[in-house]
Amino acid sequence: MKHTENILQNRTLICTYPEKDQDEVTELLTQQGATVLSLPMIEIHSLPVKAPQSISSYDWLIFTSKNAVESFHQSYPQVPCKIAALGERTAQRLRQFNYNPDFIGSGKSAHDFVDEFGNTLKTDEQVLLVLGTLAPDTLQQKLGTKAKIERVNAYQTQLTHEVGQKLKEIIENKAYSAMLVTSPSAVKSIVTLWDNSPPLLNFISIGKTTTAAIRALGMEPLATANDPSYRGLAEATTNYFYTLEESKKN
């Protein structure tokens, strides 16, 4: 969709994900006139990685987040296994560490990945999931009916308390237009600011998995990115406010 310039003028948008990932989104949104606040609600901390078995015993390694790659590489700089990535963002990170993905999903959600990867995975293959501590057991449960699945946690996410209090103040003062969220853990961190009983929040979601976490709270995001990427998140934001402004003219 083509927009007139400054469609986001007088809009205050909050980026809640780690600051190092915000450059592209901030640039795209400020080009449209938005004020963008960087309030990362979570910090990513690497964990030491030790696979349950010898790494050579696995047929597949599955990475669902780019955050898992670096810490895994520190323990296993070279692997003999095939590698699958949930989506292109994770695949790009794998390539940066000289891992060549053999399978790349659409990146939409773990449920979609199961359907996408199911025909590639052979019966009784050995699979190691490389995840974060908060990742649910969706892949383990779904793929475990066909293959032998094990899991290792490569990173953990933690709430940034000082940022949280600032974010809470902005929301309670209604001094924002929307919050951009990229993971269920970010959504969870935000709602804990109100002891899990938050007011109605203006979320814009990067994709289906994050939107499911928002809906589990009884809320509906203002918009969900069709393309689960940072550029897709920026486009979903611009499209939402463009449509909102157009509806006021009619």
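List of remarks:
- Within the listed set Val187, Val25, Val163, the Gaussian network model of the chain (springs between alpha-carbon atoms below 10 Å) gives the highest mean-square fluctuation for Val163.
- In order along the stretch 125-132, the phi-based Karplus estimate (6.51 cos²θ - 1.76 cosθ + 1.60, θ = phi - 60°) of 3J(HN,Hα) comes to 5, 9, 10, 10, 8, 10, 10, x Hz; Gly and Pro are listed as x.
- Calculated from backbone phi, Karplus (6.51, -1.76, 1.60) coupling profile of the stretch 102-108 in Hz, x at Gly/Pro: 8, 9, 10, x, 6, x, 6
- Cut-off under 5 Å, modelled amide H: who pairs with Met219 long-range: none
- Cα shape, the stretch 176-250, gyration tensor, a/c 1.5 rule: oblate
- Between Glu43 and Thr30, the modelled label-to-label distance comes to 2.5 nm, taking each label 7 Å out from Cα in the direction of the beta carbon.
- Spin-label pair Gln126/Gln78, simplified geometry with 7 Å Cα→Cβ offset, distance in nm: 1.9 nm
- Cut-off under 5 Å, modelled amide H: who pairs with Arg151 long-range: Leu129
- When only alpha carbons are used to place a centre, the stretch 18-84 and the stretch 178-250 end up 21 Å from one another.
- Of Gly144, Gly87, Gly164, the one that fluctuates the most in a GNM where the chain has Cα springs shorter than 10 Å: Gly144
- Each Cα pair under 8 Å and six or more residues apart adds its sequence gap; the mean of these over the residue count of the stretch 46-156 is a relative contact order of 33 percent.
- The charge dipole of the stretch 46-156, taken about its Cα centre with unit charges on the Cβ of Lys, Arg, Asp and Glu (plus for the first two, minus for the last two), comes to roughly 180 debye.
- The chain: DSSP helices with Cα axial extent of at least 15 Å and average Kyte-Doolittle hydropathy no lower than 0.0: none
- Under-5 Å amide H pairs with Ile42, H placed in peptide plane, nonlocal only: Thr160
- The alpha carbon gyration tensor of the stretch 46-156 gives principal lengths a ≥ b ≥ c with a/c below 1.5, which makes the shape rounded.
- Residue of Met219, Met41, Met179 that the Gaussian network model of the chain assigns the largest fluctuation, springs spanning Cα pairs under 10 Å: Met219
- Estimated distance in nm for a label pair at Asp102 and Glu169, the labels positioned 7 Å out from Cα along Cα-to-Cβ: 5.3 nm
- Over the chain, Cα pairs under 8 Å with separation of 6+ residues give a relative contact order of 21 percent.
- Extension gain, Thr192 to Thr12, is 62.6 nm, computed as 0.36 nm per intervening residue step minus the present C-alpha separation.
Bear in mind that the values in this text are calculations on the coordinates, not laboratory data. All values reported here derive from a predicted model rather than from experimental measurement. Positions of Cβ are backbone-derived with ideal geometry, glycine not excepted, and every protein chain shown enters the neighbour counts.
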